[in-house]
Amino acid sequence: GVLPREPMHSSITVRLPTLEELDAYALEQWECFLLQLISSSQVERQTNFSSSMMTIFQRGLLSQRDKEALRLTVHGFQFLLMDTNAQLWYIIREYILNSEDRGVDTADLISFLLELSFHVSGEAYNINTLNEIQRIVIKDLADLGLLKLQQGRKESWFIPTKLVTNLSVTLSDSSSRKQGFVVVETNFRTYAYSSSKLHCEILRLFSRVEYQLPNLIVGAITKESLYNAFENGITADQIISFLQQNAHPRVAEKLPSVPENVTDQIRLWEADLNRVEMVSSNFYDEFPSRDVFESACDYARENGGHLWEDSKRMRLVVKAEIHMQMREYLRRQK
């Protein structure tokens, strides 16, 4: 119910960044934030993220055991493969959910975020028109690259980037998609035309990066690299979706943009990994008589814990969950 603020007159502001400079700034800040999630050691320059804000954004994405270093969770690995717009909505949702802990009214915050999404990218808006809570929000969003802050002699202002204006579009709006950079060949080789350290780290999640040139990352999708990805909770469909969404313009127009033999093999390797199911179990042998052995087998079947038996050698394997019951039963048979 609040109309967007009027932009400041050009005679008041100093030279504003061009849309290209603004896009570069937003991309740099956002990638810096994502690298901070992957590993703080990967961030080359000093970041402005407060520890409290990083705690909010890391919730659900990172976990820590005892005194070990923070590690990405299953949701964290999946988050990195999301489209930028989906990542942005996830972060904004977490920011809103934790607003009350910071003494911010949730309704006011949502209203302000919606207002910002309808501002014009590249225009300057006076910070003096904001209340104290809104100024804090502006600072947090600037750290993420959604806004750029500038200071003049008398006035200070914020400039919306495409990241914040994209909050008003749907997740499926293709107009907000960034240009792709990955080429996948039929021999499972990958060529990523990018100088971004973030892109390199994301590709490492499911492929083997072999070498990196100033504007090219060369790697390969292997069975071992995919098994590492699957163990971290990344699915074959998420990997394929990432490769398709980030396909280089030269191959994005082709159907399919990722070779079918590659996508089929990724799914087959995932299915191959899921063929074997691990079940905690206990092994029993040296039964005093065949009657006791057969009785134990029947007891395990009745209680849903029977896994395997060797009648000739009188060996039995049952689920660990009925081990205590089985032990008490065998004691009574003596």
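The values are calculated or read from the model by the stated rules, or taken from the named source; none is laboratory data. Everything quoted here is computed from the prediction, not taken from an experiment. Methodologically, a virtual Cβ is constructed for each residue, glycine included, from the backbone with ideal geometry; neighbour enumeration extends over all protein chains shown. Heads up: the accessible areas ignore ligands, DNA and RNA and are worked out on the full protein's heavy atoms, side chains in. Shrake-Rupley method; radii C 1.70, N 1.55, O 1.52, S 1.80 Å.
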Centroid-to-centroid separation of region 98-124 and region 197-211 [C-alpha atoms, Å]
35 Å
Enumerate the amide H contacts of Met8 below 5 Å, restricted to partners 5 or more residues apart or on another chain; note that Pro and chain-start residues carry no placed amide H.
Ala124, Tyr125, Asn126
Would you mind working out the magnitude of the charge dipole of the chain relative to its Cα centre, with +1 at each Lys and Arg C-beta and -1 at each Asp and Glu C-beta, to the nearest 20 Debye?
500 debye
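Using 27 Å as the Cα-Cα cut-off, could you pick out the over-long pairs in Lys197/Lys223; Lys223/Lys319; Lys139/Lys162; Lys162/Lys197? Spell out each step's value before the answer.
Values: Lys197/Lys223 24 Å; Lys223/Lys319 31 Å; Lys139/Lys162 17 Å; Lys162/Lys197 21 Å.
Flagged as over cut-off: Lys223/Lys319.
What is the dipole size for region 238-334, taken about its Cα centre, with +1 at each Lys and Arg Cβ and -1 at each Asp and Glu Cβ, in debye to the nearest 20? Mind dumping the intermediate values first?
Values: 14 positive and 16 negative charges, 43 e Å.
That gives a dipole near 200 debye.
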Of Tyr299, Tyr95, Tyr191, which has the largest mean-square fluctuation in a 10 Å C-alpha GNM of the chain?
Tyr299
Among Asn274, Ile159, Ser311, pick out the residue whose Cα is farthest towards the positive end of the charge dipole of the chain, where Lys and Arg carry +1 and Asp and Glu carry -1 on C-beta, about the Cα centre.
Ser311
Label-zone membership for region 204-227, site Arg275, 7 angstrom Cα→C-beta point, backbone N under 17 Å:
223-224, 227
CD proxy at 222 nm, helix term only [per DSSP H run n ≥ 4: -39500 (n - 2.57); per residue of the chain; nearest 500]
-13000 deg cm²/dmol
I'd like the orientation of helix 132-144 relative to the chain: the angle between its Cα long axis and the longest Cα principal axis, in ° from 0 to 90, rounded to 10.
70 degrees
Residue-count net charge about Val209 - beta-carbon cut-off 12 Å; Lys, Arg +1, Asp, Glu -1:
+2
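Please label the shape of region 281-333 as rounded, prolate or oblate, based on the square roots a ≥ b ≥ c of the eigenvalues of the alpha-carbon gyration tensor (a/c under 1.5 means rounded; beyond that, a/b larger than b/c means prolate, else oblate).
On the way: a/c = 1.59, a/b = 1.21, b/c = 1.32.
Because a/c hits 1.5 or more and a/b fails to exceed b/c, region 281-333 counts as oblate.
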Hey, in the GNM for the chain with a 10 angstrom Cα cutoff, which one of Tyr193, Tyr25, Tyr284 fluctuates hardest?
Tyr284
In whole Hz, the Karplus estimates of ³J(HN,Hα) for region 53-60 (6.51, -1.76, 1.60; θ = phi - 60°; x where Gly or Pro) are 5, 5, 4, 4, 6, 7, 4, x
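Could you size up the charge dipole of region 19-167 around its Cα centre, putting +1 on the beta carbon of Lys and Arg and -1 on that of Asp and Glu, and report it in debye to the nearest 20? Walk me through the intermediate numbers first.
Numbers: 13 positive and 20 negative charges, 62 e Å.
It comes to approximately 300 debye.
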Candidates Ser207, Ser311, Ser99, ranked by Gaussian network fluctuation over the chain, Cα under 10 Å, top entry
Ser311
Hey, what do the phi angles of region 195-200 turn into as Karplus ³J(HN,Hα) couplings, whole Hz, using 6.51/-1.76/1.60 and θ = phi - 60°, x for Gly and Pro?
9, 6, 5, 4, 4, 5
Express the carbon and sulfur contribution to the solvent-accessible surface of the chain as a percent, rounded to the nearest whole number, probe 1.4 angstrom.
49 percent
Karplus (6.51, -1.76, 1.60) ³J(HN,Hα), θ = phi - 60°, over region 314-330, in Hz, Gly and Pro reported as x:
6, 10, 9, 10, 10, 5, 4, 5, 10, 4, 5, 5, 5, 5, 5, 5, 5
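If I stretch the segment between Glu328 and Thr129 completely, what's the gain in nm (0.36 nm per residue apart, minus their alpha carbon distance), one decimal? Don't skip to the answer; put the middle values down first.
Values: separation 199, 0.36 × 199 = 71.64 nm, distance 7.52 nm.
Contour length minus the Cα-Cα distance gives 64.1 nm.
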Accessible surface of Glu20 - all protein chains present, 1.4 Å probe, nearest 10 Å²:
130 Å²
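Indicate the gyration tensor shape class of region 182-274 (rounded, prolate or oblate), computed on the Cα atoms with a ≥ b ≥ c the square roots of the eigenvalues: a/c under 1.5 is rounded; otherwise a/b larger than b/c is prolate and the rest oblate. Let's see the in-between values first.
Values: a/c = 1.89, a/b = 1.25, b/c = 1.51.
Judged from the Cα gyration tensor, region 182-274 comes out oblate (a/c at least 1.5, b/c at or above a/b).
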Rank by packing, highest mean first: peptides 125-136, 147-158, with packing defined as the count of other Cβ atoms within 10 Å averaged across residues.
147-158, 125-136
Amide H within-cut-off set for Thr73, under 5 Å, with H built and near neighbours excluded
Leu62, Ser63
